[in-house]
1. Which count do you get for residues in the stretch 16-46 that are surrounded by 11 or more Cβ atoms within 10 Å (Cβ to Cβ), outside any loop (DSSP other than H, G, I, E, B) and not hydroxyl-bearing (S, T, Y)?
2. Going by what's in this entry, would K64 be described as without any contact (Cβ under 8 Å) to a residue 60 or more places away in the chain and part of a loop (DSSP other than H, G, I, E, B)?
3. Just to be sure before I move on: is Q14 out of contact with any helix residue (DSSP H, G or I) (no Cβ under 7 Å at 6 or more places or on another chain), under 20 Å from Y61 (Cβ atoms), outside the structural domain of T55 (by TED's automatic domain parsing) and not hydrophobic (A, V, I, L, M, F, W, C) in the structure I sent?
4. Just to be sure before I move on: is N50 part of a loop (DSSP other than H, G, I, E, B), within 25 Å of S5 (Cβ to Cβ) and either modelled with pLDDT of 95 or more or touching a Pro at 6+ places or on another chain (Cβ under 8 Å) (or both) in the structure I sent?
Amino acid sequence: MARKSVIARERKRQRMVAKYAEKRAELKAQGDYEALDKLPRNASPVRLHNRCKLTGRPKGYMRKFGISRVTFRELASEGKIPGITKASW
(Lines give C-alpha, C1' and ligand atoms only; values in the text may rest on other atoms or scores of the structure.)
Protein backbone atom coordinates (compact mmCIF):
# COMPACT_ATOMS: atom_id res chain seq x y z
CA MET A 1 0.00 0.00 0.00
CA ALA A 2 1.23 3.48 -0.85
CA ARG A 3 2.13 5.90 1.91
CA LYS A 4 -0.81 7.91 3.20
CA SER A 5 1.00 11.17 2.44
CA VAL A 6 1.37 10.23 -1.25
CA ILE A 7 -2.32 9.36 -1.50
CA ALA A 8 -3.27 12.61 0.25
CA ARG A 9 -1.02 14.62 -2.08
CA GLU A 10 -2.70 13.09 -5.12
CA ARG A 11 -6.18 13.86 -3.76
CA LYS A 12 -5.10 17.43 -3.08
CA ARG A 13 -3.96 17.74 -6.71
CA GLN A 14 -7.29 16.39 -7.94
CA ARG A 15 -9.18 18.99 -5.91
CA MET A 16 -6.93 21.77 -7.20
CA VAL A 17 -7.32 20.68 -10.84
CA ALA A 18 -11.12 20.72 -10.42
CA LYS A 19 -11.00 24.14 -8.72
CA TYR A 20 -8.97 25.83 -11.47
CA ALA A 21 -10.31 23.93 -14.51
CA GLU A 22 -12.70 26.66 -15.62
CA LYS A 23 -10.18 29.46 -15.11
CA ARG A 24 -7.47 27.53 -16.99
CA ALA A 25 -9.82 26.96 -19.92
CA GLU A 26 -10.65 30.69 -20.11
CA LEU A 27 -7.01 31.76 -19.99
CA LYS A 28 -6.04 29.21 -22.65
CA ALA A 29 -8.84 30.39 -24.92
CA GLN A 30 -7.65 34.00 -24.53
CA GLY A 31 -4.04 33.00 -25.06
CA ASP A 32 -2.99 34.69 -21.82
CA TYR A 33 -0.03 32.45 -20.98
CA GLU A 34 1.48 34.89 -18.48
CA ALA A 35 -1.62 34.65 -16.28
CA LEU A 36 -1.66 30.90 -16.83
CA ASP A 37 1.91 30.77 -15.51
CA LYS A 38 0.81 32.45 -12.28
CA LEU A 39 -1.65 29.69 -11.42
CA PRO A 40 -0.42 26.96 -9.03
CA ARG A 41 1.56 24.19 -10.70
CA ASN A 42 -0.67 21.51 -9.22
CA ALA A 43 -3.66 23.08 -10.99
CA SER A 44 -2.45 21.50 -14.23
CA PRO A 45 -4.16 18.18 -15.06
CA VAL A 46 -0.89 16.87 -16.53
CA ARG A 47 0.49 16.49 -13.01
CA LEU A 48 -2.20 13.97 -12.01
CA HIS A 49 -1.31 10.29 -11.87
CA ASN A 50 -3.81 7.43 -11.85
CA ARG A 51 -3.74 5.51 -8.57
CA CYS A 52 -5.72 2.59 -7.18
CA LYS A 53 -8.72 3.93 -5.23
CA LEU A 54 -8.28 1.29 -2.52
CA THR A 55 -4.52 0.89 -2.07
CA GLY A 56 -2.98 3.90 -3.81
CA ARG A 57 -0.79 1.70 -6.01
CA PRO A 58 0.48 3.79 -8.97
CA LYS A 59 1.31 0.97 -11.39
CA GLY A 60 -0.93 -1.63 -13.01
CA TYR A 61 -3.93 0.73 -12.92
CA MET A 62 -7.10 -0.43 -14.71
CA ARG A 63 -9.08 2.62 -15.89
CA LYS A 64 -12.38 0.82 -16.31
CA PHE A 65 -12.47 -0.16 -12.63
CA GLY A 66 -10.29 2.53 -11.02
CA ILE A 67 -8.20 -0.04 -9.16
CA SER A 68 -4.87 -1.79 -9.63
CA ARG A 69 -4.52 -5.20 -11.23
CA VAL A 70 -3.57 -6.78 -7.88
CA THR A 71 -6.66 -5.44 -6.11
CA PHE A 72 -8.80 -6.33 -9.14
CA ARG A 73 -7.63 -9.94 -9.03
CA GLU A 74 -8.33 -10.25 -5.29
CA LEU A 75 -11.83 -8.76 -5.59
CA ALA A 76 -12.66 -10.79 -8.71
CA SER A 77 -11.60 -14.03 -7.01
CA GLU A 78 -13.86 -13.22 -4.06
CA GLY A 79 -16.74 -12.48 -6.46
CA LYS A 80 -17.07 -8.86 -5.35
CA ILE A 81 -16.98 -7.36 -8.85
CA PRO A 82 -20.30 -7.89 -10.68
CA GLY A 83 -20.06 -9.49 -14.11
CA ILE A 84 -16.48 -10.68 -13.71
CA THR A 85 -15.79 -14.41 -13.61
CA LYS A 86 -12.55 -16.34 -13.65
CA ALA A 87 -11.86 -18.02 -16.94
CA SER A 88 -11.43 -21.80 -16.79
CA TRP A 89 -9.99 -23.96 -19.54
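1. 15
2. So K64 fits the description; yes.
3. Here the answer is yes, as Q14 does meet what is asked.
4. yes
The values are calculated or read from the model by the stated rules, or taken from the named source; none is laboratory data. In this text the structure is predicted, and so the values were computed from the model without any measurement. We place every Cβ from the backbone using ideal geometry, glycine too, and count neighbours over all the protein chains shown.
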